[in-house]
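The values are calculated or read from the model by the stated rules, or taken from the named source; none is laboratory data. Just so we're clear, the structure is a prediction, and the values are computed from it rather than from any experiment. Glycine gets a Cβ as well: all are built from the backbone with ideal geometry, and neighbour counts include every protein chain shown.
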C-alpha cells in the first residue's frame with residue numbers, strides 16, 4: 001500500500017456518473033412494484049384535528065392512503081421508546097440495573113402520528129401508488145387540519161418548568177435533567193448517579 005500514500009488515486013467509476021450513465025437500485029424496480037410516499041408534518045408541535053384522505057384516494061394510480069387510524073384498525077399497537085436502547089432487549093431489566101429513573105413513553109402509533117405531531121418531518125400519512133409521481137401527486141390532495149401548539153427550540157427553554165410537554169405523564173424534571181421525586185424515595189435514591 002505505500003505506493004498509494006501521498007498520491008492521487010485515479011478513480012475509474014466517475015465517468016459513468018458524470019455522463020448520466022450511473023445505475024442505482026432505484027433505477028431497477030422489480031416487475032409490478034408499487035411506490036410509497038410519506039407525507040410528513042411541516043410543524044414542530046401541533047394537534048391533528050382531522051385528516052381528510054378521500055380526494056387523495058381517488059387520484060390516478062393510487063392503491064392506498066394510510067393513516068394512524070388505519071394502522072390501529074388493523075390491530076397494531078404503539079411501541080415503547082427507551083432512553084437507553086439496550087433496555088429494549090429486556091425492558092423489565094434496565095441495562096444499568098435497579099429501577100429505571102428515566103421516562104419511557106409509548107408512541108401511540110409506531111409508524112404514523114395519531115393525535116399530535118411532535119417534530120418537523122414526523123410521518124402523518126403513507127400514500128401507495130403505481131408510480132412514485134402518482135403517490136406524490138396524491139399526497140398533495142391529503143388535507144390535514146393542524147392546531148399549532150407551543151414548541152421549544154433551545155435546551156435552556158426546554159428545562160423551564162413552564163416548557164410545553166410533548167408527552168403526557170412525564171415526571172417533573174429538575175434543572176440538571178434528573179427526575180424529581182414525586183413519591184416516597186426508593187432504594188435507588190441511595191445509589192450514586194449512573195453517569
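Scanning the range 23-36 for residues that are modelled with pLDDT of 90 or more and not in a loop (DSSP other than H, G, I, E, B) turns up 35, 36.
Do the conditions hold for residue 42, that is, is it without any contact (Cβ under 8 Å) to a residue 40 or more places away in the chain, in a loop (DSSP other than H, G, I, E, B) and within 29 Å of the chain's Cα centre (by Cα)? Walk me through how you get there before you give the answer.
Numbers: without any contact (Cβ under 8 Å) to a residue 40 or more places away in the chain: no; in a loop (DSSP other than H, G, I, E, B): yes; within 29 Å of the chain's Cα centre (by Cα): yes.
Taking the combined requirement at face value, the residue does not satisfy it.
Only residues that are at pLDDT 95 or above, part of a strand (DSSP E or B) and farther than 15 Å from residue 65 by Cβ were counted across the range 106-164, and they come to 4.
Would it be correct to say that residue 68 is at pLDDT below 95 and loosely packed, with under 14 Cβ neighbours inside 10 Å?
The answer is no for residue 68.
Every residue, every condition in (1) at pLDDT 85 or above; (2) surrounded by 13 or more Cβ atoms within 10 Å (Cβ to Cβ); (3) part of a strand (DSSP E or B); (4) touching a strand residue (DSSP E or B) at 6+ places or on another chain (Cβ under 9 Å), yes or no:
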site: 3; (1), (2), (3), (4): no, no, no, no
site: 9; (1), (2), (3), (4): no, no, no, no
site: 17; (1), (2), (3), (4): yes, no, no, no
site: 21; (1), (2), (3), (4): yes, no, no, no
site: 38; (1), (2), (3), (4): yes, yes, yes, yes
site: 48; (1), (2), (3), (4): yes, yes, yes, yes
site: 76; (1), (2), (3), (4): no, yes, no, no
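Of the residues making up the range 50-74, those that are part of a strand (DSSP E or B) and either more than 24 Å from residue 119 (Cα to Cα) or touching a helix residue (DSSP H, G or I) at 6+ places or on another chain (Cβ under 7 Å) (or both) are 62, 63, 64, 65.
Considering only the range 81-103, I want to know if a residue exists there that is in contact with a strand residue (DSSP E or B) (Cβ under 8 Å, 6 or more places away or on another chain), modelled with pLDDT of 70 or more and surrounded by 13 or more Cβ atoms within 10 Å (Cβ to Cβ). Spell out the reasoning first.
Within the range 81-103, the subset in contact with a strand residue (DSSP E or B) (Cβ under 8 Å, 6 or more places away or on another chain) is 81, 88, 91, 101-103.
Within this subset, residues satisfying the condition of being modelled with pLDDT of 70 or more are none.
Checked against the condition, which is being in contact with a strand residue (DSSP E or B) (Cβ under 8 Å, 6 or more places away or on another chain), modelled with pLDDT of 70 or more and surrounded by 13 or more Cβ atoms within 10 Å (Cβ to Cβ), the range 81-103 yields no hits at all.
Just to be sure I understand, how many residues within the range 50-61 are surrounded by fewer than 13 Cβ atoms within 10 Å (Cβ to Cβ) and either more than 23 Å from the chain's Cα centre (by Cα) or at pLDDT below 95 (or both)? Residues that pass the stated criteria total 3. Filtering the range 153-169 to residues that are within 17 Å of residue 44 (Cβ to Cβ) and touching a residue at least 40 places away in the same chain (Cβ under 8 Å) leaves 153, 164, 166, 167.
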